[in-house]
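Taking it in order: structure first as structure tokens, then the write-up.
The values are calculated or read from the model by the stated rules, or taken from the named source; none is laboratory data. Just so you know, these numbers come straight off a predicted model, no measurement behind them. Cβ: placed from backbone, ideal geometry, glycine included. Neighbour counts: every protein chain shown. For accessibility, only protein heavy atoms count, side chains too; no ligands or nucleic acids. Shrake-Rupley method; radii C 1.70, N 1.55, O 1.52, S 1.80 Å.
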Amino acid sequence: MLELYDEQIAFYLPYFNIPINWTIASTWIVMVFLMLVSWLATRHLKTGDKVSHWQTGMEVLVKGIYGQINEMTKGNPMTYLPFVGTLFIFILTCNLFTLIPEFKSPTASLSTTAALALMVLLGIPFFGIKNAGLKKYLKKYLEPSPAMLPFNILSELTSTGAMAVRLFGNVLSGVIIGSICLMLVPFILPLPMQVLGLFTGMIQAYIFAMLALMYISSVHEEDENVAVPTEIQSPDDEKENV
Amino acid sequence: MDLIAILGSVSIFTAGFCLCVGASAAGLAEGYAVSSGLTSLAQQPDEAGSISRTMFISLAIIETSGIYCFVVAMILLFANPFWQYAISAATK
């Protein structure tokens, strides 16, 4: 019932004879799918009244994520949009692909979610130093008093570790409930469980992205009175403004 | 009872007990969170976006303890690290 995707070999890499397990193989499938969709959507980008359906969909997605980031953080959302948006779209695609029969979702394996959480853990110093400078970032660990230093470091590690286990546990519980229902009542009952799995998958992708955003934007400069653009500015607009 | 029987029964009982406590405590806590979230949502409908976003994030954080219990139960049932020892001790 509990399938360990890390231990199931999908295929052997030709010429090198390196075993590729199902976690990596399905991650590659999701990557190819996402790249294909974004290539299709951004082939004929244009401005004006008549744009393609693909472009409209992409704009809705990107502007939605942009608005959420804008509400939650100070400063320019474009700093976080590439990282947080990529996390959201990748996890969302992985979670929704659990509906496809025989597809082994990469987020149902602890190694994928641990890798994603590790990226967030590395993102905290990266964005902290980028936003506030090295001195201010290091000072965060000494607050409210230097005696709290070990606890601050511990809380950083455990909060990102909890993100990994949360995503893994939620997706895994959906998979296990689905297989238990298939064993007991295989006719109708798995269907509402799968619908619930869709809902949980969306919520978990949203939660993961928002928590990542909260952690990486926790260190910022105090006086943030920079005018935040409400619309996404393309690089050309910025040049014109300058 | 030999070692394997003891280990198996203790593992199954502990997994069930772990899920029972974890699910009920997390469910109770999430119920409190949702109830106060909905109360404030009814009082201030203008702040719906901010309240529901904060509520969902806190729900996820509360749920983590339940998920921990679930993962521990799954490890006990399907990937028990002591099985190997019990089997090797039994075949000796």
> Would you pick out the residues in region A:136-153 that are in a loop (DSSP other than H, G, I, E, B) and either small (G, A, S) or on the phi > 0 side of the Ramachandran plot (or both)?
Replying inline: A:S145
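Does A:I176 fit the bill of being within 11 Å of another protein chain (Cβ to nearest Cβ) and over 19 Å from the mean Cα position of the chain (by Cα)?
yes
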>> I'm checking my understanding of the structure. Among residues of region A:130-155 that are under 16 Å from A:M214 (Cα atoms) and touching a residue at least 60 places away in the same chain (Cβ under 8 Å), which one is surrounded by the fewest Cβ atoms within 10 Å (Cβ to Cβ)?
In response: A:K140
> Out of the residues in region A:28-45 that are in contact with a Phe, Trp or Tyr (Cβ under 9 Å, 6 or more places away or on another chain) and in a helix (DSSP H, G or I), which is nearest to the other protein chains (Cβ to nearest Cβ)?
Replying inline: A:V30
> For the subset of region A:156-171 comprising residues that are within 7 Å of chain B (Cβ to nearest Cβ) and hydrophobic (A, V, I, L, M, F, W, C), which member is least open to solvent (accessible area, probe 1.4 Å)?
Replying inline: A:A162
>> I'm checking my understanding of the structure. Among residues of region A:43-76 that are in contact with a His (Cβ under 8 Å, 6 or more places away or on another chain) and free of Cβ contacts under 8 Å to residues at least 24 places away in the same chain, which one is least open to solvent (accessible area, probe 1.4 Å)?
In response: A:Q55
>> Condition first: at pLDDT 90 or above and surrounded by fewer than 16 Cβ atoms within 10 Å (Cβ to Cβ). Can you find one or more residues in region A:77-87 that meet it?
In response: yes
> Is it the case that B:S35 is part of a helix (DSSP H, G or I), among the hydroxyl-bearing types (S, T, Y) and in contact with a helix residue (DSSP H, G or I) (Cβ under 9 Å, 6 or more places away or on another chain)?
Replying inline: no
>> Going through A:K74, A:K46, A:K63, A:K50 one at a time, which residue ends up being among the basic types (K, R) and at pLDDT 90 or above?
In response: A:K63
>> I'd like the full set of residues that are open to solvent by 60 Å² or more (accessible area, probe 1.4 Å) and either of a type in the set (V, I, T) or in contact with a Cys (Cβ under 8 Å, 6 or more places away or on another chain) (or both), limited to region A:105-129.
In response: A:I129
>> Can you confirm whether A:K74 is more than 22 Å from A:M35 (Cβ to Cβ), of a type outside the set (A, V, I, L, M, F, W, C) and assigned to a helix (DSSP H, G or I)?
In response: no
>> So, A:V185, is that one free of Cβ contacts under 8 Å to residues at least 24 places away in the same chain and away from chain B (no Cβ under 14 Å) or not?
In response: yes
> So which of B:A26, B:A90, B:A60, B:A73 ends up being surrounded by fewer than 17 Cβ atoms within 10 Å (Cβ to Cβ) and assigned to a helix (DSSP H, G or I)?
Replying inline: B:A90
> How many residues are within 27 Å of A:I176 (Cα to Cα) and either of a type in the set (D, E, K, R) or touching a residue at least 24 places away in the same chain (Cβ under 8 Å) (or both) when one looks only at region B:34-66?
Replying inline: 7
> Identify, please: which residue in region A:88-104 is under 13 Å from A:T27 (Cβ atoms) and of a type in the set (V, I, T) and is, among those, most open to solvent (accessible area, probe 1.4 Å)?
Replying inline: A:T93
> What about A:V219, is it in contact with a Gly (Cβ under 9 Å, 6 or more places away or on another chain), assigned to a helix (DSSP H, G or I) and either aliphatic (A, V, I, L, M) or surrounded by fewer than 17 Cβ atoms within 10 Å (Cβ to Cβ) (or both)?
Replying inline: no
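For B:F78, state whether it is aromatic (F, W, Y), within 11 Å of another protein chain (Cβ to nearest Cβ) and closer than 21 Å to A:G161 by Cβ.
Answer is no for this residue.
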